[in-house]
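Participant: One structure, as structure tokens, below. Some questions next.
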Amino acid sequence: MSQLVIKDLKVGVETESGMTEILRGVDLTINSGEVHAIMGPNGSGKSTLAYSIAGHPKYTILGGSVTLDGVDVLEMSVDERAKAGLFLAMQYPVEVPGVSVANFLRTAATALRGEAPKVRTWVGEVKEAMTKLSMDPSFSERSVNEGFSGGEKKRHEILQMELLKPKIAVLDETDSGLDVDALRIVSEGVNRVKAEQNLGIMLITHYTRILRYIKPDFVHVFAGGKIVEEGGPELAERLEEKGYAEYVKA
Amino acid sequence: MSALPTNYLTPSGREEAWRFTPLKRLNGLHDPATVVADRISIALSGAVRPGFTIATVKAADLPAKSSTDDAIIQRVRATASEVTHLQIAQEAVVAEPIVLTRTLGSSSEFSRTVITAGAHSKATVIVENSGQATIGEEIELRLEAGSNLTFITLQEWSENTVHLGRHHAIVGRDATFNSITVTIGGSLVRLLPTVEYSDQGGSAELLGLYFATDGQHLEHRVHVDHGIPNAKSRVTYKGVLAGDQARTVWIGDVFIRGNAEGTDTYELNKNLLLTDGARADSVPNLEIETGEIVGAGHASTTGRFDDEQLFYLMSRGIPMADARRLVIRGFFTEIINKIGSEAIEERLMSRIDSQLEKVGA
């Protein structure tokens, strides 16, 4: 069992007019096997939450804490956070020209496992995970995210999640830009990893569409840099009908 | 044994061709008053194999076929009394690369080399430049009809080396010239990778990578002269700079003459700056005298290291230093892969790694 605990997290970014606070005190606890949907309008700070947990240098922690199984995450470098068991599936995965997917995956697995995975079992492992995500084997030879379609990028993120076996995953708008088929494949992947590895998931989304495929245990409405309402799956249904208008006004 | 006094113009630094080069760091190679030894500095590594010969011949018996307005190369020609001639036999296919190394003297030196690729031959020649030197040199590559020559030069010089060179290919009918120029060592390196065509149907690919750290000046002045119809050229040079006073210059001159119909050319230069205090100059020049061409283009980009790439890789557990290495390796991949030798690739990357470590980038 793992537990990610976010307490009164306050985060800012440096702008021309000085430090601007984006997260204004976020409290959230995610346990292994739980799916927490974070829903909110654009600009509410959802992605800032995701990147702050992963340690993006653009964001400054102004207060509060993030711990994974009692260990301070905010003190860790970006790679240490991954080693501790955190994973961020990015909304806009970055292109790394000249670095093949195969090389990238193997380098990451080596870093996380502390030793290079055995060639024979590793190749099989990657192939199997790719097949499950309906990815062509030629994918391995391509440069990381370079020239990938939106759907390919998202599948590649979930492929990494499947192979790197995190304890807690943050999925930042993984549904954005996906057609129905791609959404189904990606969602099945998420559900599979969750079932196999008892993954805890923070599912950040603007729309309720993905929640038809990935069932949330908890729904948190995010507005103005903090959680403004919490509930079960029924809260998502209400958002589907009424939208975010009432939260944006408040 | 010493250079003859000549009337060649001494570069002052104000000429377009010399305005980027710090002349006072040339150890006098450009100055006719400086005595420079006439020495054969290139030697075959390993044994002669079937398909090629290597010999030292009198310069008078093997005059240069190309013209140059470079003052130092003119001095090299005036000084060198003998020339190394590597000859690949007609229709020979030499499977393993022919490796040439430098045997350096203790003083400044000039030398000339001619490499002839016989008609319909196929070979790879690698010139390994390492050690401590002050050297001016010219290699003229003569590609006869239908020949296929891959020419790789590795500048892995010691840190105080000054190297001025011209590597000029004369591409014959339907001949294919592939070159890879790698420059990572030396205090000051100024190379002229140049191409001309002697008949139609020739094709030239000029690839280069350079990596400059603290105080290094690495300059590549590419010149492709399309003076014959239906020839093709591709130029791709990539550079990484790190550390204070790291300096690179890339000039890409492509000249399509009025009669060179059907020319197909593209040149690209990309630079990646890892730290403050480094400077990359990139000047692509395309001069076109006929519109009857297949294509002509150029591009040049110089950018900072992408922190988002680092973040992405690190967020998958890859430590900072490894992530940086991966990105740089990736940047150089398309060039370095074409060397076709894992041993050389590893040697170059480990040299780059250790230089990176030294500047703490």
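Participant: Starting from residues that are among the β-branched types (V, I, T) and within 7 Å of another protein chain (Cβ to nearest Cβ), keep the ones in the range B:299-354 and report whichever is farthest from B:A242 (Cα to Cα).
Facilitator: My answer is B:I318.
Participant: Please enumerate the residues belonging to the range B:166-180 that are in a strand (DSSP E or B) and aliphatic (A, V, I, L, M).
Facilitator: B:A169, B:I170, B:V171, B:I180
Participant: Let me ask something additional. Could you figure out which of (1) under 20 Å from B:A133 (Cα atoms); (2) of a type in the set (V, I, T); (3) without any contact (Cβ under 8 Å) to a residue 24 or more places away in the chain isn't true of B:V48?
Facilitator: So the condition that B:V48 fails would be (1).
Participant: From (1) within 12 Å of chain B (Cβ to nearest Cβ); (2) among the polar types (S, T, N, Q); (3) in contact with a Lys or Arg (Cβ under 6 Å, 6 or more places away or on another chain), pick out the condition that doesn't hold for A:S77.
Facilitator: (3)
Participant: Here is a follow-up. Among strands (runs of 3 or more DSSP E) lying entirely in the range B:211-260, which contain 3 or more residues that are within 20 Å of B:R325 (Cα to Cα)?
Facilitator: B:232-241
Participant: With respect to the numbered conditions (1) closer than 16 Å to B:A321 by Cα; (2) more than 14 Å from chain B (Cβ to nearest Cβ), which one is the sole condition not fulfilled by A:A111?
Facilitator: (2)
Participant: May I ask you to list the residues in the range A:1-24 that are small (G, A, S) and crowded, with 16+ Cβ neighbours inside 10 Å?
Facilitator: The answer is A:S2, A:G12.
Matching residues to (1) among the hydrophobic types (A, V, I, L, M, F, W, C); (2) crowded, with 20+ Cβ neighbours inside 10 Å; (3) assigned to a helix (DSSP H, G or I); (4) out of contact with any Pro (no Cβ under 6 Å at 6 or more places or on another chain):
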| residue | (1), (2), (3), (4) |
| --- | --- |
| A:R106 | no, no, yes, yes |
| A:A109 | yes, yes, yes, no |
| A:G124 | no, no, yes, yes |
| A:K127 | no, no, yes, yes |
| A:S140 | no, no, yes, yes |
| A:G147 | no, no, no, yes |
| A:H156 | no, yes, yes, yes |
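Participant: When you scan the range B:201-221, do you find a residue that is closer than 26 Å to B:H30 by Cβ, at pLDDT 95 or above and in contact with an Asp or Glu (Cβ under 7 Å, 6 or more places away or on another chain), even just one?
Facilitator: Scanning the range B:201-221, I find no residue that is closer than 26 Å to B:H30 by Cβ, at pLDDT 95 or above and in contact with an Asp or Glu (Cβ under 7 Å, 6 or more places away or on another chain), so the answer is no.
Participant: Which of the residues that make up the range A:188-213 are in contact (Cβ under 8 Å) with a residue 40 or more places away in the chain and either crowded, with 22+ Cβ neighbours inside 10 Å or in contact with a Lys or Arg (Cβ under 6 Å, 6 or more places away or on another chain) (or both)?
Facilitator: Once the filter is applied, which keeps residues that are in contact (Cβ under 8 Å) with a residue 40 or more places away in the chain and either crowded, with 22+ Cβ neighbours inside 10 Å or in contact with a Lys or Arg (Cβ under 6 Å, 6 or more places away or on another chain) (or both), the range A:188-213 yields A:G189, A:L199, A:G200, A:I201, A:M202, A:L203, A:I204, A:T205, A:L211.
The values are calculated or read from the model by the stated rules, or taken from the named source; none is laboratory data. Fair warning: this is a prediction, and the values are worked out from it, not measured in the lab. No Cβ is skipped: glycine too gets one built from the backbone with ideal geometry, and neighbour counts run over all protein chains shown.
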